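For reference, the structure discussed in these notes is given below.
The values are calculated or read from the model by the stated rules, or taken from the named source; none is laboratory data. Keep in mind that what you see is a predicted model, and the values were worked out from it rather than measured. Ideal geometry is used to build each Cβ from the backbone, glycine not excepted, and the neighbour counts take in all protein chains shown.
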Amino acid sequence: MDIDGIYLKVCDLIAEVPEVKWIDMDFGQLDDFNTRPMVAFPCALIGIDIINAIELGQKKQKCQVLVNVKLAFDYKGESAHLAPENVKDRSLAYYAVVKNVYKKLQGQRVGTTPLKRQRQIETARPDRIKICELPFSTEFLDVSAAE
């Protein structure tokens, strides 16, 4: 398994969550606050970074990888404490999507070790796009330089 294999496997797993309408590599699609992002919501944008590489000899490395799944929602609703319960329930429904993606990925073997969620980070934006990042760690053996 290598980075592109990890990416494809993560895409396939997220595709099994029916609420997610768009899955793509993170190219900064959500970075421009002045234009509407060219994605369907909710979306999952995936970035993969090698955060550490341990030399094993013979041009082989054990690579520690961070798979960052950025879930984005076109947030509409009201979550204030005094809002009616049914309004709050609809507004907080995105948490169920986040949980379903977490459950689909957690423990899956996409590298040499199972995916492990490291944290969950929400970002507030003035354009009411709600972003929840789920970084997962895994490892893979990179033998490409030895080939």
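Restricting the stretch 113-127 to residues that are touching a residue at least 24 places away in the same chain (Cβ under 8 Å) and in a loop (DSSP other than H, G, I, E, B), which is farthest from Tyr75 (Cα to Cα)? Steps first, please.
At the first step, the residues of the stretch 113-127 found to be touching a residue at least 24 places away in the same chain (Cβ under 8 Å) are 113-115, 118, 125-127.
Those still in the list that are in a loop (DSSP other than H, G, I, E, B) too: 113, 115, 118, 125-127.
Working: Thr113: 34, Leu115: 28, Gln118: 25, Arg125: 10, Pro126: 11, Asp127: 9 Å.
Across the stretch 113-127, the extreme among qualifying residues is Thr113.
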The condition from (1) under 13 Å from the mean Cα position of the chain (by Cα); (2) more than 21 Å from Leu66 (Cα to Cα) that Pro37 misses is numbered (1)
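In this structure, is Lys130 of a type outside the set (Phe, Trp, Tyr), surrounded by 13 or more Cβ atoms within 10 Å (Cβ to Cβ), modelled with pLDDT under 95 and part of a strand (DSSP E or B)? Walk me through how you get there before you give the answer.
Numbers: of a type outside the set (Phe, Trp, Tyr): yes; surrounded by 13 or more Cβ atoms within 10 Å (Cβ to Cβ): yes; modelled with pLDDT under 95: yes; part of a strand (DSSP E or B): yes.
It is true that Lys130 is of a type outside the set (Phe, Trp, Tyr), surrounded by 13 or more Cβ atoms within 10 Å (Cβ to Cβ), modelled with pLDDT under 95 and part of a strand (DSSP E or B).
Any residue in the stretch 8-25 that is at pLDDT below 95, under 13 Å from Ala72 (Cβ atoms) and acidic (Asp, Glu)?
no
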Of (1) without any contact (Cβ under 8 Å) to a residue 60 or more places away in the chain; (2) within 17 Å of the chain's Cα centre (by Cα); (3) farther than 16 Å from Lys21 by Cα, Val67 fails just (1)
Search the stretch 35-51 for residues that are within 23 Å of Asp4 (Cβ to Cβ) and pair each with any residue that is among the hydroxyl-bearing types (Ser, Thr, Tyr) when their beta-carbon atoms are under 6 Å apart and the residues are at least 6 apart or on different chains.
Ile48/Tyr7
